[in-house]
Amino acid sequence: MALIRKIEHIVRSCFSKIWNRQFLIFLFFLVLSSAFWLFQTVNETYEEDFYVPVELKNVPGNVVITTELPEKLHLRLRDRGVTLLNYIYGQSFPPVVIDYNSYANASGHVRFLTADVVKQVTGRLAPSTQVVGMKPDTLEFYYNYGLCKRVPVRLQGTFRAADTYYVSDRILSTDSVTVYAAKSLLDTITAAYTRPLYLKDIADTMRVRADFQSVRGVKFTPDHAMLTLSVDRVVEKTVQVPVQWVNFPATKVLRTFPAKVSVTFQVGMAHYRQITSESFVLVVNYEELLASEGNKCHLALKTIPDGVSHVRISPQDVEYVIEEIPEQ
């Protein structure tokens, strides 16, 4: 208790020294100068960016909007700081409303200047406020009356697995989509292409969103697909593959030393047991041997199964002899 009383005494002593007449005078002039500075500041002229929502109304039920209007208009206003502060913290801008019936035409494409509809906003601004910029300067939207067709989905991108892994499967949530557009556009669209995806160091199954590339005047339903990437661990395996020959005369046979060679390759764990020596074919062509010199032939694989990579043959050059088959 004595310690608490001592601390309380020290605090009261400090406040009594600070809270004196000189301090109050200093505080008064500080507040006065701050108020004067604030008054001067808010009465200066500034420019500020504002965003006004856009709404399209009275769209008939049989009309499909294939390219929407922008969600917001970007306006740059100039006025005194106090007026701009009122726009920011007080008055809110009502949405710009565009009546479909006022602009619909037979072409299925509506285009008009932004200034024609910004009047809805400027009419509610203070007389001193100036609009010094607006984006976009032109508004447009496309529509049709349900004309559509189905097109396949085409995945674009690069997918690289992490070290010791490989991408074993790529699955899209949908293989086709419905596309809405004017007939002239529909005739040119053969597929819905995704925006290119670039993914690397993939070490586990992942699911990502693949948006379709936008085409002016075209609407894809749905507007995206979900891509699932599966990965598998890469392991190394070696099998013994016999050397076979083709195009040999019926009276001749090939003897190689060794008769079988080692084929080493990399494969995913999921296919490790499926890939065997029978999955590979090593063939020596008689005509190629006749054209070569020496008693060694170079081996090459005729077939390599899917999912196999980094294939190596050991030895790749083998000695051989061509023997005559004795007549019966």
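The values are calculated or read from the model by the stated rules, or taken from the named source; none is laboratory data. These numbers come from a predicted model, not from an experiment. All Cβ positions, glycine included, derive from the backbone under ideal geometry; neighbour counts span all protein chains shown. We work out accessible area using only protein heavy atoms, side chains counted, and drop any ligands, DNA or RNA first. Shrake-Rupley method; radii C 1.70, N 1.55, O 1.52, S 1.80 Å.
Considering only residues in segment 174-201 that are β-branched (Val, Ile, Thr) and touching a Cys at 6+ places or on another chain (Cβ under 7 Å), the one that is nearest to Ser107 (Cα to Cα) turns out to be Val179. Looking at segment 182-189, can you tell me whether even one residue there is surrounded by 11 or more Cβ atoms within 10 Å (Cβ to Cβ), in contact (Cβ under 8 Å) with a residue 12 or more places away in the chain and closer than 30 Å to Gly268 by Cβ? Within segment 182-189, none of the residues are surrounded by 11 or more Cβ atoms within 10 Å (Cβ to Cβ), in contact (Cβ under 8 Å) with a residue 12 or more places away in the chain and closer than 30 Å to Gly268 by Cβ. Checked against the criterion of being part of a strand (DSSP E or B) and open to solvent by 80 Å² or more (accessible area, probe 1.4 Å), segment 287-296 has at least one qualifying residue. Taking Pro60 as the residue in question, decide whether it is modelled with pLDDT of 90 or more and in a loop (DSSP other than H, G, I, E, B). The answer is yes for Pro60. Only residues that are under 17 Å from Val59 (Cα atoms), loosely packed, with under 12 Cβ neighbours inside 10 Å and free of Cβ contacts under 8 Å to residues at least 12 places away in the same chain were counted in segment 86-141, giving 4. Do we find that Glu278 is exposed (fewer than 12 other Cβ atoms within 10 Å of the Cβ) and in a strand (DSSP E or B) in this structure? It is false that Glu278 is exposed (fewer than 12 other Cβ atoms within 10 Å of the Cβ) and in a strand (DSSP E or B). Among residues of segment 190-217 that are at positive phi, those with a beta-carbon under 7 Å from a residue that is assigned to a loop (DSSP other than H, G, I, E, B) at least six positions away or on a different chain give the pairs Asp201/Ala162; Gly217/Ala181; Gly217/Ala182. When restricted to residues that are in a strand (DSSP E or B) and either acidic (Asp, Glu) or surrounded by 17 or more Cβ atoms within 10 Å (Cβ to Cβ) (or both), segment 194-205 contains 3.
Among the residues making up segment 63-75, a single one is without any contact (Cβ under 8 Å) to a residue 40 or more places away in the chain and part of a strand (DSSP E or B): Lys72. Checking each residue in segment 157-178 for being open to solvent by 60 Å² or more (accessible area, probe 1.4 Å), of a type outside the set (Asp, Glu) and under 29 Å from Thr67 (Cβ atoms) picks out only Ser173. Summed over segment 206-243, the residues that are within 30 Å of Arg255 (Cβ to Cβ) and not in a strand (DSSP E or B) give a count of 0. If a residue has to be part of a strand (DSSP E or B), of a type outside the set (A, V, I, L, M, F, W, C) and at pLDDT 85 or above to count, how many in segment 303-328 make the cut? Final tally of qualifying residues: 7.
The rows are residues; the columns are (1) under 20 Å from the mean Cα position of the chain (by Cα); (2) at pLDDT below 90.
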residue	(1), (2)
Asp163	no, yes
Tyr166	no, yes
Ala181	no, no
Ala210	yes, no
Ser214	yes, no
Val231	yes, no
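In the set (1) over 30 Å from Val64 (Cα atoms); (2) under 21 Å from the mean Cα position of the chain (by Cα); (3) not in a loop (DSSP other than H, G, I, E, B), Phe265 fails one condition alone, (2).
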